[in-house]
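Just below is one structure, and these are the notes that go with it.
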Amino acid sequence: MAAVGLLLAGCNPGGEGVRSEGSASSTPAPKGPVSSTPSPTSTAGYKKVDAVQLLKDDPKVGAFVKKSLYKPCAADEYPVEVTYASLTGGTSPDVIVNVMTCADSVGIGSYVYRKRSGAQGGYDNVYTNEQPSVSAAVNKGELEVSEQTYDTGDKVCCPSGEDVMPYHWKGGRFVEHDGYHTDYSKTTVDGDTPDDGTGSEG
């Protein structure tokens with residue numbers, strides 16, 4: 001839990017054929033290699049879900065994440081972002097949920113829920129990741145999970161890099177493939193250009 005306070009949230013959902021909602025801002029997901037995916041399902045008729053209640057009722061969601069949902073950050077705004085997209089080839093769009101901290105928007109949990117078939121309805125949790133700085137997104141019809149990485153001495157604002165793990169749905173579960181790591185450039189410090197050694201003055 002202490003590590004969470006030293007991290008920032010990763011990229012948020014973006015991509016094609018996606019419905020996204022929530023209080024958090026969105027940025028495009030990193031582009032990575034992809035492979036074959038289920039036939040897309042239109043999100044035009046998606047049914048909005050109560051993501052906060054879905055998380056609270058889910059035994060797979062950790063106690064720390066549930067604690068962050070005891071009350072809204074402000075007014076009725078919870079630190080939850082929800083995206084509707086076809087990832088598993090079901091008859092209804094899947095629900096991708098990212099949970100963040102109120103103070104720093106640090107990603108503390110990412111989940112995918114698949115609509116249960118049959119008259120009973122409801123959703124099944126088919127993916128859970130509660131590593132600090134995690135964020136799940138949709139990239140070209142696939143699930144894409146990112147985690148920012150920090151080296152010793154890194155400031156909260158400035159991670160050293162990012163791990164990105166694409167997943168495709170196969171055999172009733174998500175299978176990771178072609179993950180990659182990016183090291184961020186550190187050519188500036190606190191927004192200033194490093195001294196080039198010339199000693200020139202304005």
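Peptides 75-82, 132-139, 91-98, 62-69 ordered by packing proxy, namely the average of other Cβ atoms within 10 Å per residue, highest first: 132-139, 91-98, 75-82, 62-69. Inter-label distance, residue 74 to residue 155: 2.3 nm, where each label sits 7 Å from its Cα along the C-beta direction. Centre-to-centre separation between the Cα atoms of region 53-70 and those of region 140-169: 23 Å. Between residue 67 and residue 130, the contour length at 0.36 nm per residue exceeds the alpha carbon distance by 21.3 nm. Here residue 170 is the anchor, and the lysines within straight C-alpha reach of less than 18 Å, apart from those fewer than 8 places off in the same chain, are 115, 140. Once backbone amide H atoms are built at 1.01 Å from N, residue 116 has 122, 123, 124 as its partners under 5 Å, excluding neighbours fewer than 5 places away on the same chain. Amide H contacts under 5 Å for residue 170: 175, restricted to partners 5 or more places along the chain or on a different chain, H placed in the peptide plane at 1.01 Å from N. Length available on full extension from residue 186 to residue 53: 0.36 nm per residue minus the Cα-Cα distance, which gives 43.8 nm.
Please work out the FRET efficiency for the pair residue 173 and residue 117, using the Cβ-Cβ distance as r and a Förster radius of 22 Å; give the result to the nearest 0.05. After rounding to 0.05, the efficiency reads 0.85.
The residues of region 58-159 have, on average, 43 Å² of accessible surface per residue, using a 1.4 Å probe with all protein chains present.
The values are calculated or read from the model by the stated rules, or taken from the named source; none is laboratory data. All figures in this text were calculated on a predicted structure; none of them were measured in a lab. Don't worry about glycine lacking a Cβ; one is built from the backbone with ideal geometry, like all the others, and counts go over all protein chains shown. Accessible surface areas use protein heavy atoms only, side chains included; no ligands, DNA or RNA. Shrake-Rupley method; radii C 1.70, N 1.55, O 1.52, S 1.80 Å.
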